[in-house]
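Nothing in this text is a laboratory measurement; each read-out follows from the coordinates by a stated rule. Source: prediction; values computed, not measured. A quick note on method: Cβ atoms are made from the backbone with ideal geometry, for glycine too, and the neighbour counts reach across all protein chains shown.
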């Protein structure tokens, strides 16, 4: 019998067996971790690339002929139609947009209004409209449209009902891309509408985020989806939410007691007037308060109302009556601002400025983020 080597001793043999067991355990653990990582990455990748599938044009025409669209109340051209199904049965989300320039499917086209319809067919083939979404551009915006890359038609809380999330936004007449536009995230959960409204701005005090208080009571799966969606919107340059609101959303995700979302509605009318008085002394600050093109109305020598549009601050400065009279003398000597009986403007946001130098001046204001801006004003006439 050959002599035993050092590896054949009982002690060595036991050590080798222990090392083998440890190595197997390490390999098994590593394999498990890799599997989890790969699966997680796969899920993340799948979710990242996930897109709801719309109906084809042929399917839309077959399901929604002209008489059915009339019954629903569809007035704008159809952008897309998405089918989905849950415990309530088969449903459809119809997205419509009113185009002013370009093709409806072109992201660079200009659109004035949007309307969405959530519908289903009853047993007697009639159409039931469950809910709608309607919005349109204001005087500072040039286009509005649905952002279907963020559309969700999944059941996010596993209760058997789909939790639709619809996202849309606007492009402003100012700034690059979406930096001065609005973003709206609308969530429907068990028939309840919850909205997050965001006003973008390149200025810190121009950004404003409003979250419906009922968001805090939503199931965790829905809140997480929305929070992740906000992160993607920011990464892609579609929006920039306030830090305060993002922290509130994060706290709501953690379930650390009831979260009361900020209800700051921004500048008051009186605060606007004080800011306008100060701005009248500085062309730089005054320019920030005006929306272009600025609507200017007055009364001519035949007592008829006329309207002009000013497209730049330089044009305003070239008009002595508008620059020196209305803006400089009028704002500097302003003593009050109130909703009044406007004669020249019919806008609901028409106010009357009372000043010691020029008397009463009509002005149309629009809330943009936290601050008001001037979109229309009366000009002094000789």
Legend entry - Calculated Rg and Dmax of the range 57-254 using C-alpha coordinates, Å: 17.4, 54
Inset, instruction - Can you pull the one-decimal nm distance between simple spin-label points at residue 66 and residue 121, each 7 Å off the Cα toward Cβ? - result: 2.0 nm
Inset, instruction - Quick one: angle between helix 243-254 and the longest Cα principal axis of the chain, in degrees between 0 and 90, rounded to 10, please. - result: 40 degrees
Legend entry - Gain in span if fully extended, residue 244 to residue 195, counting 0.36 nm per residue against the direct Cα distance: 15.9 nm
Legend entry - At 1.306 mPa s and 10 °C, Stokes diffusion of the range 269-378 via Kirkwood alpha-carbon radius, µm² per second: 114 µm²/s
Inset, instruction - Quote to one decimal, in nm, the extra length available between residue 136 and residue 58 on full extension: 0.36 nm per residue of separation minus the C-alpha distance between them. - result: 25.2 nm
Legend entry - Options (1) 21.3, 71; (2) 30.0, 130; (3) 23.4, 72 - which one matches Rg and Dmax of the Cα atoms in Å as calculated here: (2)
Legend entry - Two-decimal Rg/Rh across the range 159-304, once Rg and the Kirkwood Rh are taken from alpha-carbon atoms: 1.09
Inset, instruction - State, to one decimal in nm, how far the label point of residue 75 lies from the label point of residue 321, with both points 7 Å from Cα in the Cβ direction. - result: 3.7 nm
Inset, instruction - Relative to the longest principal axis of the C-alpha atoms of the chain, give the angle of the C-alpha long axis of helix 10-48, reported between 0 and 90° and rounded to the nearest 10°. - result: 30 degrees
Inset, instruction - Using only Cα atoms, tell me the angle between helix 269-279 and the longest principal axis of the chain; keep it within 0 to 90° and round to the nearest 10. - result: 70 degrees
